[in-house]
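For reference, the structure discussed in these notes is given below.
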Amino acid sequence: MRWAIELMAVQYGAEPADFKPLPGVGAGAYEIRYRDTSGAFRVIYVAKFANAIYVLHAFQKKTQKTPKPDLDLAAARYRKLIGALK
């Protein structure tokens, strides 16, 4: 549950320990990267809106490269979020 701690850090204005931007998902989208003995995990979120941090997708990674279906799902959720916030 280290990713939950990382999201809390973002909530309080800090940066996660290991993250990278995902501009292909949407402006302001980031990926928290976490690894433990059971594998590699990712949480894709956006925190550019004043009211909340939105988690777009969370998953266990099975390959070196982030799978396109996971990125596509996060991007679709991002677009839906933008539509709902208008």
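The number of residues in segment 34-85 that are open to solvent by 80 Å² or more (accessible area, probe 1.4 Å) and within 14 Å of residue 2 (Cβ to Cβ) comes to 2.
Every test in (1) out of contact with any strand residue (DSSP E or B) (no Cβ under 7 Å at 6 or more places or on another chain); (2) in contact (Cβ under 8 Å) with a residue 40 or more places away in the chain; (3) not basic (Lys, Arg) is passed by residue 3 save one, and that test is (1).
With respect to the stated conditions, residue 41 is under 12 Å from the mean Cα position of the chain (by Cα) and touching a residue at least 12 places away in the same chain (Cβ under 8 Å).
The values are calculated or read from the model by the stated rules, or taken from the named source; none is laboratory data. Note that the coordinates shown come from a computational prediction; the quantities given were computed from them, not determined experimentally. All Cβ positions, glycine included, derive from the backbone under ideal geometry; neighbour counts span all protein chains shown. Please note that ligands, DNA and RNA were not included when accessible areas were found on the heavy atoms of the full protein model with its side chains. Shrake-Rupley method; radii C 1.70, N 1.55, O 1.52, S 1.80 Å.
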